[in-house]
Amino acid sequence: MKQVEDAEILQKFSDEKTRQEAFGLLLNKYQQKIYWHIRRMVINHDDTDDLVQDVFVKVWKNLANFRNDSQLYTWIYRIASNESITFLNKQKRQNNTPLDEVSPEVVERLVEPSYFNGTEIQLKLQRAILTLPEKQRLIFNMKYFDEMKYEEISEVLGTSVGALKASFHIAVKKIEAFMLNEDIKF
Amino acid sequence: MDNNLEHNDWKDEAPHFSRLPKVNPFAVPDQYFEGLSDKICAAVFVDELKAKAGFPESEVPAGYFEQLPDEINAKITLDALQLPKQPGFTVPDGYFDRINATILEKVSQTTTPEVKVTKLWPSKLTRYAAAACLALITSFAVYLNQDKLFKPTEQVSNTAALNEDPMLWDIDEELIMEQMESGSSGITTNTSATSAELEDYIIDHYSQYEIASNL
């Protein structure tokens with residue numbers, strides 16, 4: 001299926017008659033990417049489902065004001081990243097978990113059999129990623145899983161390319177150390 | 001080439017990790033993505049309905065959410081302590097059955113009688129009638145005592161008194177006037193005279209024949 005260009009989506013969205021059609025095209029193009037971007041942060045499918053809907057409701061409400069000072073999909077990624085961080089912080093406050101730690105609920109949901117069907121090594125890798133601070137986790141996920149360029153990640157997070165490179169390399173080293181630690185088993 | 005370098009430059013730093021296959025271990029329910037667009041469109045529709053209907057944000061007291069965790073923790077702690085529900089105090093049998101009657105009895109004994117309040121002026125008409133009566137009485141009193149209140153001048157009254165005195169009818173008027181004028185120079189005229197003075201006056205001014213003819 002040929003991917004629709006962002007410019008076409010924006011042009012159709014600006015016309016009230018074709019707005020619904022444009023939004024449908026946008027959903028087809030980005031809903032899975034955004035879903036996985038959020039899922040890798042919050043882990044739980046049901047929470048991700050809610051957040052995906054919230055993100056696209058915000059996209060619908062604000063797309064008319066999109067100023068084209070960034071790419072459309074980095075703008076959507078930014079909304080999704082912020083929603084994920086807000087959700088995780090809210091969850092930590094509800095559980096009285098310090099903000100610089102991972103909520104135990106998130107870790108427990110990793111092993112829910114209904115939504116995780118990876119191997120032991122993959123589970124260990126996901127547990128290693130969860131040890132990263134949230135912003136670093138976002139950087140790692142966008143770089144490693146989504147294979148986004150540093151410039152695009154910079155548009156999403158508002159962080160300089162140099163800081164992003166440094167953060168990613170530190171994250172990789174942490175994960176390497178975690179994976180090599182034979183004391184950590186599942 | 002540059003992209004490959006950017007995406008692969010980390011592999012030297014993490015050789016073990018870099019050898020792991022890039023697999024997505026997370027599962028999603030069947031047909032989830034097929035229905036996701038409709039679900040999102042429905043969420044957008046509901047959100048617009050809320051905005052048009054003007055559903056207000058739920059109002060909560062100020063600081064509610066900041067205090068909520070502490071309140072919840074306090075309740076959890078109380079539950080965990082499993083404190084006994086009963087306070088441990090005892091009351092006599094049938095106490096609460098009797099207490100109502102006891103209180104009502106005491107209340108009826110100490111009830112103070114209602115003080116009857118009588119208005120001084122039951123109505124405006126009464127007030128105005130009283131004022132009219134007072135004015136009437138005052139004016140009647142003034143009318144009755146007007147002589148005392150409105151006394152004529154002393155000179156006029158003195159002249160009237162002189163005219164009415166029969167002893168002075170035979171005395172020359174000019175002489176009377178001279179006497180009066182000599183007494184009106186600021187000194188009050190003393191019209192009262194002793195008997196001896198009168199007798200001397202008559203003897204000096206009248207003959208014996210005149211005195212005898214008038215006796």
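The values are calculated or read from the model by the stated rules, or taken from the named source; none is laboratory data. A quick note: this is a predicted structure, and the numbers were derived from the prediction, not measured. Virtual Cβ from ideal backbone geometry, glycine too; neighbours counted across all protein chains shown.
Couple of notes before you dig in:
- Pairs are defined by a Cβ separation below 7 Å, a sequence spacing of at least 6 or placement on different chains, a first member in the stretch A:4-29 that is outside the structural domain of A:Trp60 (by TED's automatic domain parsing), and a second member that is among the hydrophobic types (A, V, I, L, M, F, W, C); no pair meets this definition.
- Hey, A:Asp46 touching a residue at least 40 places away in the same chain (Cβ under 8 Å) and either acidic (Asp, Glu) or assigned by TED's automatic domain parsing to the domain that holds A:Asn141 (or both) or not: no
- All conditions but one from (1) touching a residue at least 12 places away in the same chain (Cβ under 8 Å); (2) within 13 Å of another protein chain (Cβ to nearest Cβ) apply to A:Leu72; the one that does not is (2).
Listed here are the residues, each with its yes/no results for (1) touching a helix residue (DSSP H, G or I) at 6+ places or on another chain (Cβ under 7 Å); (2) within 14 Å of another protein chain (Cβ to nearest Cβ); (3) part of a helix (DSSP H, G or I).
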site	(1), (2), (3)
B:Glu66	no, yes, yes
B:Glu71	no, yes, yes
B:Ala74	no, yes, yes
B:Leu78	no, no, yes
B:Leu83	no, no, no
B:Pro92	no, no, no
B:Ala101	no, no, yes
B:Leu104	no, no, yes
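- Qualifying residue in the stretch A:85-93 (condition: more than 9 Å from chain B (Cβ to nearest Cβ), surrounded by 13 or more Cβ atoms within 10 Å (Cβ to Cβ) and either closer than 20 Å to A:Glu155 by Cβ or modelled with pLDDT of 95 or more (or both)): yes
- Restricting B:Leu20, B:Leu36 to those that are part of a loop (DSSP other than H, G, I, E, B), modelled with pLDDT of 85 or more and touching a Leu at 6+ places or on another chain (Cβ under 9 Å) reduces the list to B:Leu20.
- For the stretch A:124-156, a residue qualifies if it is outside any helix (DSSP H, G or I), free of Cβ contacts under 8 Å to residues at least 24 places away in the same chain and more than 14 Å from A:Lys33 (Cβ to Cβ), and exactly one does: A:Lys149.
- Cβ pairs under 9 Å, 6+ apart, first in the stretch B:33-49 and basic (Lys, Arg), second part of a helix (DSSP H, G or I): B:Lys39/A:Asp49; B:Lys39/A:Val52; B:Lys39/A:Gln53
- Odd one out for A:Ile34 among (1) surrounded by fewer than 19 Cβ atoms within 10 Å (Cβ to Cβ); (2) part of a helix (DSSP H, G or I); (3) among the aliphatic types (A, V, I, L, M): (1)
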